[in-house]
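**Student:** Attaching a single structure in structure tokens format; questions to follow.
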Amino acid sequence: MLSFIGRSIVQKMITLFFVSVISFLIIHLAPGEPSQVDPLNPKFTPEIVERFRKEFHLDKPLYVQYLFFYRGLLSGRTVSWKDNQPVLAKMWERFLNSLPLFIVGTIITWTLSFPIGIRSAIFRGGIFDRSATFFSYFLISIPGFFFAYILIIFVVTRFQVPVIGMQTFGLSDASTVRILMDRVWHLLLPSMLGATGGIAILSRYVRSQMLEVEGQDYVRTAKAKGLSWEQVHYKHALRNALLPFVTMFGLILPGLIGGSVIIESIFSWPGMGRMAYEAILARDYPIILTVNFISAVLVLLGTFISDVLYLVVDPRIRL
Amino acid sequence: MTKFQPHSESSSEAPPAPRRTQGQEFWRLFKKNRLALAGLAIFLIFFIIAVAGLSVTSGTRPYFDPALVRLPEKLRPPLSRPNLEVLIPGEMPPLGMYVFGTDDLGRDVFSRMLQGAWVSLTVGFVAVGIAVFVGILLGGIAGYYGQTSITINHIFLFCLMLGGASAFAFGSLFPGVILLIAAIAFLYRSARSGKPAKPSLALAWLQKGATSVDTLIMRFVDIMLCFPSFFLILTVVALLPASIYNIMIVIGLTSWMGTTRFVRAEFLSLREQDFVTAAKALGVGDRRIIFRHMIPNAVAPVLVSATIGIAGAILTEAGLSFLGFGVPPPYATWGNILSDGKRFIFDAPWLTFIPGFAILIVVLSFNLFGEGLRDILNPKLRERY
């Protein structure tokens, strides 16, 4: 166990190092320079550009720039090229905005997909199963931005509530309940949209896991000895089917920072995804690289947690 | 896939041929899966429309001109008749009406949709083609030659070559040439000497295996999986000059990891099978074993993931176009028709709904077809349905 954890951590550190090198190379070897982002701007005289390049070490060779950047990142001193704000502080602020979306989206995903998946597995081939299958393909296939507009039109014309942004502007003197409801309405649509893909995939996965278990001998035995319907399906089958999902708690971790670029730009939601999008537009390399780096850390951390959880949960795995 | 009748002990005649060919069996199962059949039908229709659309919207005098601006006729609803008084004869819509309406510049949305169909089709196929090619190549190497160990002198050689090439590329010619010559000399020497029976003690550690090909390739897959894919694609597409080829290449190069894993897993299990051992015993070369015996057996999961990958690539391209990083403007894609139309969502909803539903239907058809293929090609799943 300990040796597994140790080996896995070393391996993940090496992977992280290569991720940092590759993302750095991709960004810096791409044509164009951040100093030329706005060539028509009269303020960008050659002297300013030169000063800019010197200030951010852009005139040094690549490996020196790499060392400078990651030293700055790890010691928390990296600043955004656009507005000289510290990158980590800026990201933390945006992260707090994205967090409610992530939490509500995850709750919607997990509370909806389990009942759907279990029900379609138990009544396999029935009308519910077939419509759930088709509906999940539908949800995977619908472009998020298109679905967003359908929902916006529907909600705005039906319920007459504003949905763009994080809250309605100028509501500060309204009652607390009103403000709360306003926040909820603004939160609901983007988090639902973020959850659509997850619901489709997770409910299919629950269904297939459940089908796997329902075919086992012990479920047949449970049925044969006359246990009640609930006991067969929820006690004997479901408990055993839940095993892989424990590990999925690790795998949702990357979603924390993934904050959908498209959804957040449609809803003008000032979250991580939108910040990343703005950084790309402004060629703000420190932010792009930091987002990349942190999300790689989260992916690695997520797989690590899920591996360890699997070890803990499944006694059949011995190292 | 075909079922052979078991040899009966009594009969001395040759074993009877399978009752159905592989294709017939496949088609029989496929016809039962109505969703997949619908997916295939829609896919074929889409293919024909895209090819036809390319031929009628391109050229110097296209029949349907997607770029023709008719300012007096802007935001006309679908199926509306053109206003004959304001149009000069060359500006008449070819079908006598605006089938899908017009956009904010009075361009015929039907022509633009036809043009965009071709973009979606090519982006999907080329991107997935690149991904499948890279995936089969790397997965095949990892699965077949995976156990070959990489020795320290291989790494040394690689570093020499890389150092030389990069020094050459960054303009310092002299050290680059020196390094490259050293690398070639090293390569020549190791090729000449072959395998020395007893390398001298100083050189012995050079021959020690450091890692294996398989480890190297799979670690690379792990590294690529760490990148947030849509964000990476967005970054690269934004930094590179806008062109449809860049989008295809970037989507392809960021989505090959799944295929690599499938192919490697298939190859690892196929390599141990009797027919591969038999082929080896007959003296069949590696290349023939890989291309004639193993790849045809490993192709099923690749086909499924490729079909679903096309759906994903079309969605990604539409998303990029929607954010404004797609194909440069005069050219229409479904994503940028929708993106342009979103400003008029309450006045001209067709500008949002027509491309949106088009993307939805095409992507859905690919997903359904792919899932159907998965059910049919996997004999273990087949009994369930």
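**Student:** Can you spot a residue in the stretch A:244-253 that is on the phi < 0 side of the Ramachandran plot, touching a residue at least 12 places away in the same chain (Cβ under 8 Å) and aromatic (Phe, Trp, Tyr)?
**Tutor:** yes
**Student:** Among residues belonging to the stretch A:252-274 that are closer than 19 Å to B:Thr235 by Cα and polar (S, T, N, Q), point out the one that is surrounded by the most Cβ atoms within 10 Å (Cβ to Cβ).
**Tutor:** Applying the filter and picking the extreme gives A:Ser260.
**Student:** Next up: Looking only at the stretch B:37-58, which residues are over 20 Å from the mean Cα position of the chain (by Cα) and open to solvent by less than 60 Å² (accessible area, probe 1.4 Å)?
**Tutor:** Within the stretch B:37-58, B:Leu37, B:Ala38, B:Ala41, B:Ala52, B:Gly53, B:Leu54, B:Val56, B:Thr57, B:Ser58 qualify.
**Student:** Any idea which residue in the stretch A:250-271 is farthest from the other protein chains (Cβ to nearest Cβ), counting only those that are under 21 Å from A:Leu16 (Cα atoms) and part of a helix (DSSP H, G or I)?
**Tutor:** Selected residue: A:Gly250.
**Student:** Can I ask one more? Anything in the stretch B:316-358 that is touching a helix residue (DSSP H, G or I) at 6+ places or on another chain (Cβ under 8 Å), outside any helix (DSSP H, G or I) and more than 10 Å from chain A (Cβ to nearest Cβ)? List them, or say none.
**Tutor:** B:Gly326, B:Val327, B:Pro329, B:Tyr331, B:Ala332, B:Thr333, B:Ala348
**Student:** Among residues belonging to the stretch B:255-276 that are within 14 Å of B:Asp214 (Cα to Cα) and of a type in the set (Val, Ile, Thr), point out the one that is nearest to the chain's Cα centre (by Cα).
**Tutor:** B:Thr260
**Student:** Considering only the stretch B:341-361, state which residues are open to solvent by less than 10 Å² (accessible area, probe 1.4 Å) and in contact (Cβ under 8 Å) with a residue 24 or more places away in the chain.
**Tutor:** B:Gly341, B:Ala348, B:Leu351, B:Pro355, B:Ile359
**Student:** OK, next. Mind listing whichever residues of the stretch A:128-158 are over 26 Å from the mean Cα position of the chain (by Cα) and either farther than 25 Å from B:Ala348 by Cα or outside the structural domain of A:Ile199 (by TED's automatic domain parsing) (or both)?
**Tutor:** Correct list: A:Phe128, A:Asp129, A:Arg130, A:Ser131.
**Student:** Identify the residue in the stretch A:112-133 that is at pLDDT 90 or above and aromatic (Phe, Trp, Tyr) and, among all such residues, is most open to solvent (accessible area, probe 1.4 Å).
**Tutor:** Per the criteria, the residue is A:Phe128.
**Student:** In the stretch A:209-232, what count of residues is obtained for those that are without any contact (Cβ under 8 Å) to a residue 12 or more places away in the chain and exposed (fewer than 15 other Cβ atoms within 10 Å of the Cβ)?
**Tutor:** Residues flagged as without any contact (Cβ under 8 Å) to a residue 12 or more places away in the chain and exposed (fewer than 15 other Cβ atoms within 10 Å of the Cβ) within the stretch A:209-232 amount to 11.
**Student:** Would you confirm, using the coordinates I've provided, whether B:Ile233 is within 14 Å of chain A (Cβ to nearest Cβ) and either assigned to a helix (DSSP H, G or I) or out of contact with any strand residue (DSSP E or B) (no Cβ under 7 Å at 6 or more places or on another chain) (or both)?
**Tutor:** Answer is yes for this residue.
**Student:** Spot the failing condition for A:Ser175; the list is (1) more than 20 Å from the chain's Cα centre (by Cα); (2) in contact (Cβ under 8 Å) with a residue 40 or more places away in the chain, and only one is missed.
**Tutor:** (2)
**Student:** Can we say A:Val206 is within 23 Å of A:Gly255 (Cα to Cα), open to solvent by less than 70 Å² (accessible area, probe 1.4 Å), not small (Gly, Ala, Ser) and not in a helix (DSSP H, G or I)?
**Tutor:** no
**Student:** Being over 26 Å from A:Pro270 (Cα atoms) and not in a helix (DSSP H, G or I), is that true of even one residue in the stretch A:125-147?
**Tutor:** yes
**Student:** What number goes with the only condition from (1) more than 17 Å from B:Leu216 (Cβ to Cβ); (2) not assigned by TED's automatic domain parsing to the domain that holds B:Ala185 that B:Ala167 does not pass?
**Tutor:** (2)
**Student:** Quick one: would you say B:Leu377 is within 27 Å of B:Ala127 (Cβ to Cβ), at pLDDT below 85 and more than 10 Å from chain A (Cβ to nearest Cβ)?
**Tutor:** Spelling it out, B:Leu377 is indeed within 27 Å of B:Ala127 (Cβ to Cβ), at pLDDT below 85 and more than 10 Å from chain A (Cβ to nearest Cβ).
**Student:** Going by the conditions given, is B:Gly90 modelled with pLDDT under 75 and open to solvent by less than 60 Å² (accessible area, probe 1.4 Å)?
**Tutor:** Here the answer is yes, as B:Gly90 does meet what is asked.
**Student:** In the list A:Val10, A:Val21, A:Val49, A:Val37, which residue meets the criterion of being open to solvent by 80 Å² or more (accessible area, probe 1.4 Å) and either of a type outside the set (Gly, Ala, Ser) or at pLDDT 75 or above (or both)?
**Tutor:** A:Val10
**Student:** Further question: Looking for something among the small types (Gly, Ala, Ser), open to solvent by 20 Å² or more (accessible area, probe 1.4 Å), at pLDDT below 75 and touching a helix residue (DSSP H, G or I) at 6+ places or on another chain (Cβ under 8 Å) - is there at least one such residue anywhere in the stretch B:204-211?
**Tutor:** Yes, that holds for at least one residue.
**Student:** Run B:Leu338 past the list (1) at pLDDT below 85; (2) open to solvent by less than 50 Å² (accessible area, probe 1.4 Å) and report the number of the one that doesn't hold.
**Tutor:** Only one criterion in (1) at pLDDT below 85; (2) open to solvent by less than 50 Å² (accessible area, probe 1.4 Å) is unmet by B:Leu338, namely (1).
**Student:** So in the stretch B:214-229, with the set limited to residues that are open to solvent by 30 Å² or more (accessible area, probe 1.4 Å) and either at pLDDT below 85 or closer than 13 Å to A:Ser23 by Cβ (or both), which one is nearest to the other protein chains (Cβ to nearest Cβ)?
**Tutor:** Top of the filtered list is B:Pro228.
**Student:** Give B:Arg288, B:Arg292, B:Arg264 a once-over and let me know the one that is surrounded by 22 or more Cβ atoms within 10 Å (Cβ to Cβ) and part of a helix (DSSP H, G or I).
**Tutor:** Every option except B:Arg264 fails the conditions.
**Student:** Which one of these is within 14 Å of chain A (Cβ to nearest Cβ) and either within 30 Å of A:Ala30 (Cα to Cα) or touching a residue at least 12 places away in the same chain (Cβ under 8 Å) (or both): B:Ala265, B:Ala306, B:Ala300, B:Ala311?
**Tutor:** Being within 14 Å of chain A (Cβ to nearest Cβ) and either within 30 Å of A:Ala30 (Cα to Cα) or touching a residue at least 12 places away in the same chain (Cβ under 8 Å) (or both) holds for just one of B:Ala265, B:Ala306, B:Ala300, B:Ala311, which is B:Ala311.
The values are calculated or read from the model by the stated rules, or taken from the named source; none is laboratory data. Please read all numbers here as calculations on a predicted model, not as lab measurements. Don't worry about glycine lacking a Cβ; one is built from the backbone with ideal geometry, like all the others, and counts go over all protein chains shown. The area values use the complete protein model at the heavy-atom level, side chains included, leaving out ligands, DNA and RNA. Shrake-Rupley method; radii C 1.70, N 1.55, O 1.52, S 1.80 Å.
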